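Working notes, structure below.
The values are calculated or read from the model by the stated rules, or taken from the named source; none is laboratory data. In this text the structure is predicted, and so the values were computed from the model without any measurement. Cβ coordinates were reconstructed from backbone atoms using ideal geometry, including for glycine residues, and neighbour counts include every protein chain displayed. We work out accessible area using only protein heavy atoms, side chains counted, and drop any ligands, DNA or RNA first. Shrake-Rupley method; radii C 1.70, N 1.55, O 1.52, S 1.80 Å.
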Amino acid sequence: MNLFDHVRFLHESELFYDLKQLSCIVISLCDNNSNTEVLSLSQRYQCMVYYGNSLYHLGEFLRAENIYKKALLLKKALNKSKGKITATTPVQPSQDVTSEVDVKYKLYQCLSQMKQFREAMSILEGISSKQRTAKVNVALAKLYVMAGMDRSAITSYKEVIRECPFSLESIQGLLSLGVKGADVAALVMNGLPHGASCDWLSSWIKGQAYLATREYGNAIITFKQMDQKMCLKDNVYIVNSIAEARFYEGNDTAALTGFQRSHQLDPLFLKNMDLFSYLLAKEKKTVELQRLSEQLMKVTDKAPEPWISFGYYSLISRKVARTRTVYFAQKASIIDPFNVEAYLLKGTALFELKKSQDASLHFQEALRHAPHRYEAYHGLISCYLSLHRTREALACAGKAIKTIGSNPRTLTIYASVLTNEPNMSAKAKPYLEKAMKLDPSYLEPVYVMAEILLRDHQYDKGTEILDPTNTRAREGKERVEKHNDVGLESTYDLEDMEGSDNDGDFDGSDVKK
């Protein structure tokens, strides 16, 4: 074995620390021996690539970036020298030499690890479209999404599916960018072998399309059919998708049950465990949330979900300072700078620390990335109300109805803002009535309506709308009866709102009594 063979063997054996030292020494020998050819030009190029790989695997991304760039310069010199890879003493067949495309992809990986996304995009765009492999197009699509270049992202995802029709991530990517489910399904089916039957794939695309268009009821039906009727019973991804749809439609109880089932099926599964943690925190299930956080951190500390889970645990735990929640949220943001759940967690933590102005900025950022997230609207409205910015709270609540749609949660939060001004309480009633009609089991509009009736001294009506057969409603009834004589204070202490007839951009025309 010659010197290059030893370098290659260390690379194949994945002895990266040894490889880092030996390849560095070999490159120095080549640079300082002008009279003797230690390695051929092609071998020097390959040795440089191996050196970069060792640094990348050891987490030295900046050094790896530098070495890969040097390797690309050597590759250009190699191409100019004879137009193809040759060696005085060939050790490797030419097809074993790392391609320029693969080196550029490695360079992209280094830059992404250092959060230099624009530079990473520039490197991949330097690869001609004919040379772009599926992994290059997937990487480009994600970078385009980050940069808001949706049309370019769609083009890249389509190229991936043409080459790899089972690229489920690319299918979800296209759907999230607004491509119709039927068009995506046609693109996928055209890429499958003639006569291939994939009923489960058609159903899965249909369910994901419903999720992307926020038709959560249809998504739940589709995924439940896959869970019950096809050979996908207890598949963790299908179960998780059902829980995700339940969460986004606002059915916290069913979502919590779904995520619990998903976690039981695979305790090491990460997807949507941040949403699961949020629900556990909301229900004050401290012990279960602590156990979940510890399990997720054992899986990896390189994903945002474990940090978000710990963040919610610290938020509700009396044993941990709430400032730790901000730290955990920041850790998640460093890992994934575009993570919506990290923005929501940090905003919630800052709001709890009475830093409403700072919190509002994070909720705004969450809305920028996910304009259909109810939790972001709720958090931002809470910040505005605490800052006595009632006009902005009302405008935000109106935007929630316009963006998400008229559902019990958005109608109730809009009415809740209205009720903070006594002269607008009557205007809130139609929203609450519609919310109660849409979902009689959703109790928040019942409570808000009861508060309005109490404020108007209509105690009998306030008692009547509370269903005594429901535990939470019974507690609400006791609250009403308790205040029959003493009255009920407003939830928020707000300044008088000038021009209270102005209810923001939302005109309420879609609310019918």
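Taken as a whole, region 45-55 holds at least one residue that is part of a helix (DSSP H, G or I), over 38 Å from the mean Cα position of the chain (by Cα), under 19 Å from VAL97 (Cα atoms) and of a type in the set (Ser, Thr, Tyr). Restricting attention to region 246-273 and to residues that are closer than 17 Å to VAL340 by Cβ and aliphatic (A, V, I, L, M), the residue that is surrounded by the most Cβ atoms within 10 Å (Cβ to Cβ) turns out to be MET273. Condition check for LEU187 on (1) in a helix (DSSP H, G or I); (2) free of Cβ contacts under 8 Å to residues at least 12 places away in the same chain: one failure, at (2).
Going by the structure shown, is MET273 aliphatic (A, V, I, L, M) and out of contact with any Ser or Thr (no Cβ under 7 Å at 6 or more places or on another chain)? Step through it out loud before you land on a result.
Numbers: aliphatic (A, V, I, L, M): yes; out of contact with any Ser or Thr (no Cβ under 7 Å at 6 or more places or on another chain): no.
In short, no.
Pairs linking a residue in region 106-135 that is under 17 Å from MET149 (Cα atoms) to a residue that is exposed (fewer than 14 other Cβ atoms within 10 Å of the Cβ), with Cβ atoms under 8 Å and 6 or more positions apart or on different chains, are PHE117/ALA147; ARG118/ALA147; MET121/ALA147.
Each row is one residue, and each column tells you yes or no for (1) among the small types (Gly, Ala, Ser); (2) closer than 30 Å to VAL145 by Cβ.
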position	(1), (2)
TYR343	no, yes
THR348	no, yes
PHE351	no, yes
HIS388	no, no
ALA393	yes, no
GLY398	yes, yes
ARG409	no, yes
GLU421	no, no
MET436	no, no
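Test of understanding: among LYS331, LYS298, which residue is within 18 Å of the chain's Cα centre (by Cα) and part of a helix (DSSP H, G or I)? Exactly one residue qualifies, and that residue is LYS331.
Conditions (1) at pLDDT below 75; (2) of a type in the set (Gly, Ala, Ser); (3) in a loop (DSSP other than H, G, I, E, B); (4) open to solvent by 60 Å² or more (accessible area, probe 1.4 Å), marked per residue:
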{"position": "LYS402", "(1), (2), (3), (4)": "no, no, no, yes"}
{"position": "TYR431", "(1), (2), (3), (4)": "no, no, no, no"}
{"position": "VAL446", "(1), (2), (3), (4)": "no, no, no, no"}
{"position": "GLU451", "(1), (2), (3), (4)": "no, no, no, no"}
{"position": "ARG474", "(1), (2), (3), (4)": "yes, no, no, yes"}
{"position": "ASP493", "(1), (2), (3), (4)": "yes, no, yes, yes"}
{"position": "ASP496", "(1), (2), (3), (4)": "yes, no, yes, yes"}
{"position": "PHE506", "(1), (2), (3), (4)": "yes, no, yes, no"}
{"position": "VAL511", "(1), (2), (3), (4)": "yes, no, yes, no"}
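Filtered by the rule that a residue be farther than 14 Å from VAL326 by Cβ, free of Cβ contacts under 8 Å to residues at least 24 places away in the same chain and charged (D, E, K, R), region 344-388 gives GLU365, ARG368.
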